[in-house]
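Trainee: Before anything else, here's the structure in question.
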Amino acid sequence: MNRTAAALRRLAVLTAAALLGTAAAPSVARATPDPKAPREFVALADVDPTIIQEIRYFTAHNFVGERVDGYKQPMCILTGPAAKALHKAQAGLLKRGYSLKVYDCYRPQRAVDHFVRWAEDLDAQKMKPEFYPQVDKTRLFADGYIAEKSGHSRGSTVDLTVVKLPARPTRPYLPGETLKACYGPQKERFPDNSVDMGTGFDCFDTLAHTDDPRVQGVQRANRDLLRDALSGQGFVNLPEEWWHFTYKPELFPDTYFDFPIARRSLTGH
């Protein structure tokens, strides 16, 4: 074989190897775009900017102890009818010197999945002293505190409370700070500018049941104030949680959405 033939053969071998390497190389993965909200969903702030928003799952101050999946912005998104009904309830409360404050509204399925993973990790208990001091974490599913589906993901459910006006400022939660039981006296619980409802938000305790007979006096009056304001506009309370209300009839009673909580989820409306 002369030098020219040998050189051509080496070139052919190198070319074939290069082609095989190209064929074997993995394709570049493309990120799947986040789903968008249906046109029936709105930002609560666009319907009523006077309603206070303290979106707890955007922060680390919740029973998980970290920002929850899907909460890309601290905002309340709801179906249009639910948001309009909240606006009407707010109008009545403002005349009496109060305001609504929402803790959570629409909740994507990925956030619910985050809750489930957390509940299954029995070692993740850093927020237990505040949110579930008397509940064994192995009981969270059986006792109904955590489930694989949430009505929040349908878009017409909201967690909220009442604030006396003028609203006092609230300090931020400091990760690692000493936690106080959610069912303790108001002055001992984490400071919140809401009226005294007998427990804090997301308290995994029977004292959070709306009509628990141990809740009397001012605390009972405050729970009734919230429930009366909302029930008059079509909201139904979950008896196990004084803060949890669903607007009826729901636009999407059988659909659990997973678009993230962000303004861009509403783009194109």
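Trainee: Springs between alpha-carbon pairs under 10 angstrom, Gaussian network model over the chain: which of 124, 142, 89 fluctuates most?
Mentor: For the chain, modelled as a Gaussian network with Cα springs under 10 Å, the answer is 142.
Trainee: Same structure, new question: Can you tell me how much longer the chain between residue 135 and residue 214 gets when fully stretched, taken as 0.36 nm per residue apart minus their C-alpha distance, in nm with one decimal? Kindly include the intermediate steps, with their values, before the conclusion.
Mentor: On the way: separation 79, 0.36 × 79 = 28.44 nm, distance 1.87 nm.
So the chain would gain 26.6 nm between residue 135 and residue 214.
Trainee: Once you've got the GNM for the chain with C-alpha springs shorter than 10 Å, pick whichever of 211, 254, 159 has the biggest mean-square fluctuation.
Mentor: Fluctuation is largest for 254.
Trainee: For residue 104, list long-range residues whose amide hydrogen, built 1.01 Å from N in the peptide plane, is under 5 Å from its own amide hydrogen.
Mentor: 159
Trainee: With labels modelled as points extended 7 Å from the Cα through the Cβ direction, what inter-label distance (nm, one decimal) is found for residue 50 paired with residue 72?
Mentor: In this crude spin-label approximation the distance works out to 3.2 nm.
Trainee: Of 240, 250, 188, which is the most mobile in a GNM of the chain whose springs link Cα atoms less than 10 angstrom apart?
Mentor: Residue with maximal mean-square fluctuation among 240, 250, 188: 188.
Trainee: Also, quick follow-up: Starting from the Cα of residue 187, draw a straight line to each of the aspartates and glutamates and keep only those under 12 Å, dropping any in the same chain fewer than 8 residues away.
Mentor: Filter leaves 196.
Trainee: Then there's this: Select from 252, 118, 37 the residue farthest towards the positive end of the dipole of the chain; place +1 on Cβ of Lys and Arg, -1 on Cβ of Asp and Glu, and compute about the Cα centre.
Mentor: Checking the options against the dipole of the chain, the answer is 37.
Trainee: Using a Förster distance of 35 angstrom, determine the FRET efficiency expected from the C-beta separation of residue 117 and residue 267, and round it to 0.05. Walk me through the numbers before you get to the answer.
Mentor: On the way: r = 29 Å, r/R0 = 0.84.
Given R0 = 35 Å and the Cβ-Cβ separation, E is 0.75.
Trainee: Ok, one more. Step through the table entries 95/248; 36/248; 164/248; 88/128, compare each Cα-Cα distance with 29 Å, and write down the pairs that go over it. Show your work: numbers first, answer last.
Mentor: Numbers: 95/248 25 Å; 36/248 23 Å; 164/248 27 Å; 88/128 36 Å.
Cα-Cα > 29 Å for 88/128; rest within.
Trainee: How large are Rg and Dmax for the chain when calculated on the C-alpha trace, in angstrom?
Mentor: 25.5, 105
Trainee: Further, regarding this structure: By how many nm would the segment from residue 94 to residue 225 lengthen if fully extended, with 0.36 nm per residue of separation less the alpha-carbon distance? Spell out each step's value before the answer.
Mentor: Numbers: separation 131, 0.36 × 131 = 47.16 nm, distance 1.24 nm.
Residue separation times 0.36 nm, minus the Cα-Cα distance, leaves 45.9 nm.
Trainee: Moving to a separate point now. Dipole size in debye (nearest 20) for region 34-266 around its Cα centre, Lys and Arg Cβ +1, Asp and Glu Cβ -1?
Mentor: Working: 32 positive and 32 negative charges, 172 e Å.
Rounded to the nearest 20 debye, it is 820 debye.
Trainee: Let me ask another. Step through the residues of region 252-268 one at a time and calculate ³J(HN,Hα) from phi using the Karplus curve (6.51 cos²θ - 1.76 cosθ + 1.60, θ = phi - 60°), rounding each to whole Hz and writing x for Gly and Pro.
Mentor: Those phi angles translate into 10, x, 10, 10, 10, 8, 9, 6, x, 7, 6, 4, 5, 5, 9, 5, x Hz.
Trainee: Right, something else. For region 40-45, take each phi angle, set θ = phi - 60°, evaluate the Karplus expression 6.51 cos²θ - 1.76 cosθ + 1.60, and give the result in whole Hz per residue in order, putting x for glycine and proline.
Mentor: The phi angles translate into 6, 8, 9, 7, 4, 4 Hz.
Trainee: Any chance you could give the angle, 0 to 90 degrees and rounded to 10, that helix 109-120 forms with the longest Cα principal axis of the chain?
Mentor: The two axes meet at around 80 degrees.
Trainee: Compute the Cα gyration tensor for region 110-259, then decide on rounded, prolate or oblate, letting a ≥ b ≥ c be the square roots of its eigenvalues: rounded whenever a/c is under 1.5, prolate when a/b is larger than b/c in the other cases, and oblate in all that remain. Present the calculation step by step, with values, prior to reporting the outcome.
Mentor: Working: a/c = 1.56, a/b = 1.02, b/c = 1.53.
Note, shape of region 110-259 comes out oblate.
Trainee: When Lys and Arg each count +1 and Asp and Glu each count -1, what net charge do the other residues less than 9 Å away from residue 153, Cβ to Cβ, add up to? Numbers along the way, then the final one.
Mentor: Details: positive: 107, 149, 154; negative: 258.
Charge balance near residue 153 sits at +2.
Trainee: Ok, one more. Residue by residue through region 169-174, what is 3J(HN,Hα) from phi via Karplus (6.51 cos²θ - 1.76 cosθ + 1.60, θ = phi - 60°)? Round to whole Hz and write x for glycine and proline.
Mentor: x, 10, 7, x, 6, 10
Trainee: Could you please state, rounded to a whole Å, how far the C-alpha centre of region 176-212 is from the C-alpha centre of region 47-66?
Mentor: 16
Trainee: Measure nothing fancy, just the Cα-based angle from helix 217-231's long axis to the longest principal axis of the chain, in degrees from 0 to 90, nearest 10.
Mentor: The two axes meet at around 60 degrees.
Trainee: Relative to the longest principal Cα axis of the chain, at what angle does helix 80-94 sit, 0 to 90 degrees, rounded to 10?
Mentor: Helix 80-94 sits at roughly 30 degrees to that axis.
Trainee: Students often get this wrong: which residues of region 110-125 have the backbone nitrogen under 18 Å from the point 7 angstrom along Cα-to-C-beta of residue 148?
Mentor: The answer is 110-121.
Rule-based calculations on the coordinates, nothing more; no lab input. Just so it is clear, the model here is predicted, and its values are computed rather than measured. Backbone-built Cβ (ideal geometry, glycine too); neighbour counts: all protein chains shown.
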